[in-house]
Amino acid sequence: MSDTRQVDERYYELLHQLQALDFALVELNLYLDTHNKDADALHQYNQLVKQRWQLAHEYESRYGPLMHFGHSYSGYPWQWDDLPWPWQV
């Protein structure tokens, strides 16, 4: 594995914000499964998706991929052996 990359305060801020957004998106997804005509909830869901895309893009631009199996781009050299991985912090 490669050397552990240096992380700063923004690294942890972005991960925390992404985790909060992911939680809210899962909850809204479950709600919308049974309330599919709730326009306000759908609007909120789409706004949070947009925020998550922006934060994920910032995170990946600074620190490397968040997801595997084609969901995140990897720079050269292969970045999946750079530590720490997002789920390790």
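The values are calculated or read from the model by the stated rules, or taken from the named source; none is laboratory data. Since this is a predicted model, take the numbers as computed values, not measurements. Note that we place each Cβ from the backbone using ideal geometry, even for glycine, and neighbour counts take in every protein chain shown. Side chains are part of the model used for accessible areas, which takes the heavy atoms of the whole protein and leaves out ligands, DNA and RNA. Shrake-Rupley method; radii C 1.70, N 1.55, O 1.52, S 1.80 Å.
Hey, can you tell me all the residues within segment 18-51 that are open to solvent by 70 Å² or more (accessible area, probe 1.4 Å) and either within 24 Å of TYR63 (Cβ to Cβ) or in contact (Cβ under 8 Å) with a residue 40 or more places away in the chain (or both)?
Once the filter is applied, which keeps residues that are open to solvent by 70 Å² or more (accessible area, probe 1.4 Å) and either within 24 Å of TYR63 (Cβ to Cβ) or in contact (Cβ under 8 Å) with a residue 40 or more places away in the chain (or both), segment 18-51 yields GLN19, PHE23, VAL26, LYS50, GLN51.
Among the numbered conditions (1) surrounded by 15 or more Cβ atoms within 10 Å (Cβ to Cβ); (2) over 11 Å from the mean Cα position of the chain (by Cα); (3) of a type in the set (Ser, Thr, Tyr); (4) under 20 Å from PRO86 (Cβ atoms), tell me where TYR12 comes up short.
(1) is the only condition that TYR12 fails.
Restricted to segment 1-35, and to residues that are polar (S, T, N, Q), out of contact with any helix residue (DSSP H, G or I) (no Cβ under 6 Å at 6 or more places or on another chain) and modelled with pLDDT of 90 or more, which residue is farthest from VAL49 (Cα to Cα)?
THR34
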